[in-house]
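First the structure, in the form of structure tokens, and then the observations on it.
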């Protein structure tokens with residue numbers, strides 16, 4: 001019976017429409033795109049990297065890119081192009097000379113495939129969605145697209161999972177996860193970004209059984225066909241963090257933060273065999289607060305230890321896995337709870353912006369060995385006659401350089417040590433609330449998204465490409 005249902009769903013795929021001919025196209029300008037100037041040439045010997053996942057090529061907000069812009073101009077790095085965007089919080093992703101951006105435009109969840117250096121569009125795919133956020137936030141997607149080879153995977157705010165051809169935008173397969181697994185709306189709609197591993201797509205589904213006691217929490221789908229390969233049943237739901245696959249104790253494991261809308265609130269870290277779906281470990285880590293979420297992807301510290309975090313009550317904790325992949329807590333630190341951004345790990349220390357809401361957020365350094373907080377900095381400073389700060393900022397590391405994007409549009413470069421932080425340079429790119437998307441770095445260009453109207457210029461939400469190439 002289950003096999004028949006799956007076959008029926010795939011047969012229906014032939015009726016799903018898409019907004020292109022399925023033929024590779026030339027990139028063309030379109031309404032909403034402003035091109036300013038071509039970027040500098042890449043410096044000789046510069047190392048570059050694709051950015052196929054919202055957390056970067058290594059899934060930890062770091063990049064190997066080198067020979068980036070040294071001293072920024074007074075007004076900030078030069079704009080190459082900018083694009084008026086729709087609603088949502090996605091990060092642009094890059095591979096094979098393509099930029100893919102996922103947003104909601106005129107009531108449709110939309111995938112735009114662009115030329116990274118000009119912003120011109122190769123193709124657009126969209127599908128109508130009916131979703132309104134019950135807390136008044138953006139009704140656009142929470143998750144970002146993922147590029148794997150010649151395919152794109154996107155999971156929208158109503159849990160429609162699409163697989164598209166990177167070159168043409170042609171629909172290859174689709175799963176309606178809400179219909180398949182009875183996924184509730186959750187606090188802010190469906191949010192986890194899928195993770196592609198070998199021949200499969202691993203998804204924190206967060207489904208509910210009809211009796212509300214359990215459901216399919218995590219599933220793996222064949223990346224070529226969408227066919228279900230395995231399912232994990234659990235009472236925990238879908239969080240807003242991305243699953244990742246990492247090597248722990250010499251074995252590849254899927255690390256999935258699962259934490260949905262439930263009374264009493266429940267969730268934590270599932271450690272799963274990505275090949276079979278076998279659950280090795282189940283570690284509860286969730287605030288008792290009903291209206292709480294977990295959005296920070298697990299940080300793999302080394303081959304035996306993993307850091308996870310929530311910000312409402314418990315804070316952060318470091319887990320160590322034994323030979324049987326069973327976890328134990330090494331320490332907990334209530335004062336190092338990050339809301340959605342994973343910390344940077346540098347020379348045995350973690351750096352991140354801890355705190356639930358501004359203005360109660362502080363930039364902190366934590367010693368991995370002990371869990372001790374070595375310093376805290378509220379990052380406040382006076383400018384233009386008022387107090388400013390980075391609040392719940394995102395950190396990006398490229399080689400030895402550390403960049404920070406504050407949640408209202410401040411960009412800075414920091415020097416970080418266990419003794420403190422030094423702001424090497426700082427510029428306001430714009431002033432827009434809810435700038436929660438990690439910047440993306442690709443071939444020496446920096447891509448920044450602001451998700452609300454710019455209070456300084458009045459500009460609507462935008463994706464902006466800056467020339468970050470050195471001389």
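Only residues that are without any contact (Cβ under 8 Å) to a residue 24 or more places away in the chain and either out of contact with any strand residue (DSSP E or B) (no Cβ under 8 Å at 6 or more places or on another chain) or buried (at least 19 other Cβ atoms within 10 Å of the Cβ) (or both): list them for the range 79-111, please. The answer is 97, 106.
To keep it simple, each residue is scored yes or no on (1) touching a residue at least 40 places away in the same chain (Cβ under 8 Å); (2) part of a strand (DSSP E or B).
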{"site": "216", "(1), (2)": "no, yes"}
{"site": "237", "(1), (2)": "yes, no"}
{"site": "254", "(1), (2)": "yes, yes"}
{"site": "261", "(1), (2)": "yes, no"}
{"site": "274", "(1), (2)": "yes, no"}
{"site": "277", "(1), (2)": "yes, no"}
{"site": "281", "(1), (2)": "yes, yes"}
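Residues in the range 393-403: is at least one in a strand (DSSP E or B), under 21 Å from the mean Cα position of the chain (by Cα) and without any contact (Cβ under 8 Å) to a residue 60 or more places away in the chain? Looking for residues that are in a strand (DSSP E or B), under 21 Å from the mean Cα position of the chain (by Cα) and without any contact (Cβ under 8 Å) to a residue 60 or more places away in the chain, one finds at least one in the range 393-403, hence yes. Summed over the range 356-378, residues that are part of a loop (DSSP other than H, G, I, E, B), in contact (Cβ under 8 Å) with a residue 24 or more places away in the chain, touching a strand residue (DSSP E or B) at 6+ places or on another chain (Cβ under 6 Å) and closer than 16 Å to residue 408 by Cβ total 1. The requirement of being without any contact (Cβ under 8 Å) to a residue 60 or more places away in the chain, out of contact with any helix residue (DSSP H, G or I) (no Cβ under 9 Å at 6 or more places or on another chain) and assigned to a loop (DSSP other than H, G, I, E, B) is not satisfied by residue 352.
Read-outs: derived from the displayed coordinates by stated rules, not from any lab. Since the model is a prediction, treat every value here as computed from it, not as a measurement. Virtual Cβ from ideal backbone geometry, glycine too; neighbours counted across all protein chains shown.
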